[in-house]
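Peer 1: Handing you a structure now.
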């Protein structure tokens, strides 16, 4: 396992360490066949993709039984790193592109993840309810929220209300200004969690429901 993960998460079990370590072999192997990560970026797998996904684990710690929907997961981000981190929670990963969801499913099976399910399709085809919807730079936040609000069961299961948590980058003013719940929204810089230069412009945005 790239020690960048254990640098920021010091209480990992041996199984978690093994699972994170396996990602470093499985993703390059799959990416050579099916491009789920930019070929120029695969060498930065742990910082730019795994650790980036785990910013959500720094933002809050969900209670066991919390249900997550990973909207537009691609090759499994942020869903797979989070599913490793929180084995007591469940994660449903959905993506329109079948070959990408197949890669994510194959990797999850290879590392023995039992708390993940997968769906090839559009978010309109997902009718289940979840506590949180997570997403990593899939679309504008003001476009995402109307699509997933039907999937969020309002209430509290954790220390924060159920809602949407997105990993974003750059200036978000134009998309966050159109959010009805903007007054309750939390926007934090990921650089407060991780010191690497990659995170200088990266943000985590939480919109409660």
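The values are calculated or read from the model by the stated rules, or taken from the named source; none is laboratory data. This one's a predicted model, so the numbers in the text were calculated from it and none came from an experiment. Every residue, glycine among them, receives a Cβ derived from its backbone with ideal geometry; neighbour counts consider all protein chains shown.
Peer 1: Here are some residues: 146, 161. Which one is at pLDDT 95 or above and over 16 Å from the mean Cα position of the chain (by Cα)? Give the derivation first.
Peer 2: Numbers: 146 fails: at pLDDT 95 or above.
Checking each option against the conditions leaves just 161.
Peer 1: Only one of these conditions is not met by residue 203: (1) within 22 Å of residue 46 (Cβ to Cβ); (2) in contact (Cβ under 8 Å) with a residue 40 or more places away in the chain; (3) in a strand (DSSP E or B). Which number is it?
Peer 2: Of everything listed in (1) within 22 Å of residue 46 (Cβ to Cβ); (2) in contact (Cβ under 8 Å) with a residue 40 or more places away in the chain; (3) in a strand (DSSP E or B), residue 203 misses just condition (2).
Peer 1: Now a separate question. Give all pairs with beta carbons closer than 7 Å in which a residue from region 99-116 that is without any contact (Cβ under 8 Å) to a residue 24 or more places away in the chain meets a residue that is surrounded by fewer than 22 Cβ atoms within 10 Å (Cβ to Cβ); count only pairs at least 6 apart in sequence or on separate chains.
Peer 2: Filtered contacts from region 99-116: 105/118.
Peer 1: In region 1-50, what count of residues is obtained for those that are at pLDDT 95 or above, part of a loop (DSSP other than H, G, I, E, B) and under 18 Å from the mean Cα position of the chain (by Cα)?
Peer 2: So the answer is 1.
Peer 1: Now for a separate question. Quick one: how many residues across region 138-155 are within 14 Å of residue 95 (Cα to Cα), touching a helix residue (DSSP H, G or I) at 6+ places or on another chain (Cβ under 8 Å) and assigned to a helix (DSSP H, G or I)?
Peer 2: Residues meeting the conditions: 2.
Peer 1: Of all residues in region 88-104, how many are touching a helix residue (DSSP H, G or I) at 6+ places or on another chain (Cβ under 9 Å), under 17 Å from residue 67 (Cα atoms) and assigned to a loop (DSSP other than H, G, I, E, B)?
Peer 2: Counting residues in region 88-104 that are touching a helix residue (DSSP H, G or I) at 6+ places or on another chain (Cβ under 9 Å), under 17 Å from residue 67 (Cα atoms) and assigned to a loop (DSSP other than H, G, I, E, B) gives 1.
Peer 1: What's the number of the condition residue 142 fails, among (1) crowded, with 20+ Cβ neighbours inside 10 Å; (2) out of contact with any strand residue (DSSP E or B) (no Cβ under 8 Å at 6 or more places or on another chain)?
Peer 2: The single condition residue 142 does not satisfy is (1).
Peer 1: Further question on the same structure: Do the conditions hold for residue 107, that is, is it at pLDDT 95 or above, in a helix (DSSP H, G or I) and either under 15 Å from the mean Cα position of the chain (by Cα) or surrounded by 20 or more Cβ atoms within 10 Å (Cβ to Cβ) (or both)?
Peer 2: On the way: at pLDDT 95 or above: yes; in a helix (DSSP H, G or I): yes; either under 15 Å from the mean Cα position of the chain (by Cα) or surrounded by 20 or more Cβ atoms within 10 Å (Cβ to Cβ) (or both): yes.
Considered against the rule, which asks whether it is at pLDDT 95 or above, in a helix (DSSP H, G or I) and either under 15 Å from the mean Cα position of the chain (by Cα) or surrounded by 20 or more Cβ atoms within 10 Å (Cβ to Cβ) (or both), residue 107 comes out as yes.
Peer 1: Identify, by number, the condition in (1) part of a loop (DSSP other than H, G, I, E, B); (2) in contact (Cβ under 8 Å) with a residue 60 or more places away in the chain; (3) in contact with a strand residue (DSSP E or B) (Cβ under 7 Å, 6 or more places away or on another chain); (4) farther than 30 Å from residue 28 by Cβ that residue 158 doesn't meet.
Peer 2: Condition (3) is where residue 158 drops out.
Peer 1: Based on this model, can you work out whether residue 135 counts as assigned to a helix (DSSP H, G or I), touching a residue at least 60 places away in the same chain (Cβ under 8 Å) and either buried (at least 23 other Cβ atoms within 10 Å of the Cβ) or touching a helix residue (DSSP H, G or I) at 6+ places or on another chain (Cβ under 9 Å) (or both)? Give the steps one after another, and end with the answer.
Peer 2: Details: assigned to a helix (DSSP H, G or I): no; touching a residue at least 60 places away in the same chain (Cβ under 8 Å): yes; either buried (at least 23 other Cβ atoms within 10 Å of the Cβ) or touching a helix residue (DSSP H, G or I) at 6+ places or on another chain (Cβ under 9 Å) (or both): yes.
Spelling it out, it is not the case that residue 135 is assigned to a helix (DSSP H, G or I), touching a residue at least 60 places away in the same chain (Cβ under 8 Å) and either buried (at least 23 other Cβ atoms within 10 Å of the Cβ) or touching a helix residue (DSSP H, G or I) at 6+ places or on another chain (Cβ under 9 Å) (or both).
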